[in-house]
Amino acid sequence: SLRFPQKLWKMLESSKFQSIWWTEGGKCVAINKDLFEVEVLGTEGQQVFHTQKIKSFMRQLNAYGFTKMQWNFQRSASLPEFLAEEAAASAHSQILYYYNPSFNRAHPWLSETCRRR
């Protein structure tokens, strides 16, 4: 069976999953938390990992050296723009971003160096 980083890589490269993708530039992994729980971890999901809990999956990410990133939005001064940005930020709150310097779409061979801590 594949190691965790290899499973993650296959998911990111697959078109079967809508809940997980590479961010622009391929340096971070983006996960739509709610959709991931249904699509991958749920009983009707793809069952890629041996867990049904998002917290266990996040612990695996941490164990392999991934760190959670904050997605920063620049806020506008005008009220209509600010409100629109707040709506976008709210939608983004369901998106988790994880970074690992050894997990980069442009350098697939680096993923072999991802080891469990």
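Overview of values
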{"read-out": "Helices (runs of 4 or more DSSP H) enclosed by segment 1-70 - at least 3 residues per element that are charged (D, E, K, R)", "value": "4-13"}
{"read-out": "Unmet criterion (only one of (1) modelled with pLDDT of 90 or more; (2) among the β-branched types (Val, Ile, Thr); (3) more than 12 Å from the chain's Cα centre (by Cα)) for ILE54", "value": "(3)"}
{"read-out": "Long-range neighbours under 7 Å by Cβ, at least six apart or interchain, first residue in a loop (DSSP other than H, G, I, E, B) within segment 100-117, second modelled with pLDDT under 95 and basic (Lys, Arg)", "value": "ASN104/LYS27"}
{"read-out": "Filter pass, GLU24 being open to solvent by 20 Å² or more (accessible area, probe 1.4 Å) and over 16 Å from LEU96 (Cα atoms)", "value": "no"}
{"read-out": "Residue in segment 79-88 that is under 20 Å from GLU24 (Cβ atoms) and at pLDDT below 90 present", "value": "yes"}
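The values are calculated or read from the model by the stated rules, or taken from the named source; none is laboratory data. Everything numeric in this text was worked out from a predicted model, so none of it was measured. For neighbour counting, all protein chains shown are included, and Cβ atoms are generated from backbone atoms with ideal geometry for every residue, glycine included. The accessibility values were calculated without ligands, DNA or RNA, using every heavy atom of the protein model including side chains. Shrake-Rupley method; radii C 1.70, N 1.55, O 1.52, S 1.80 Å.
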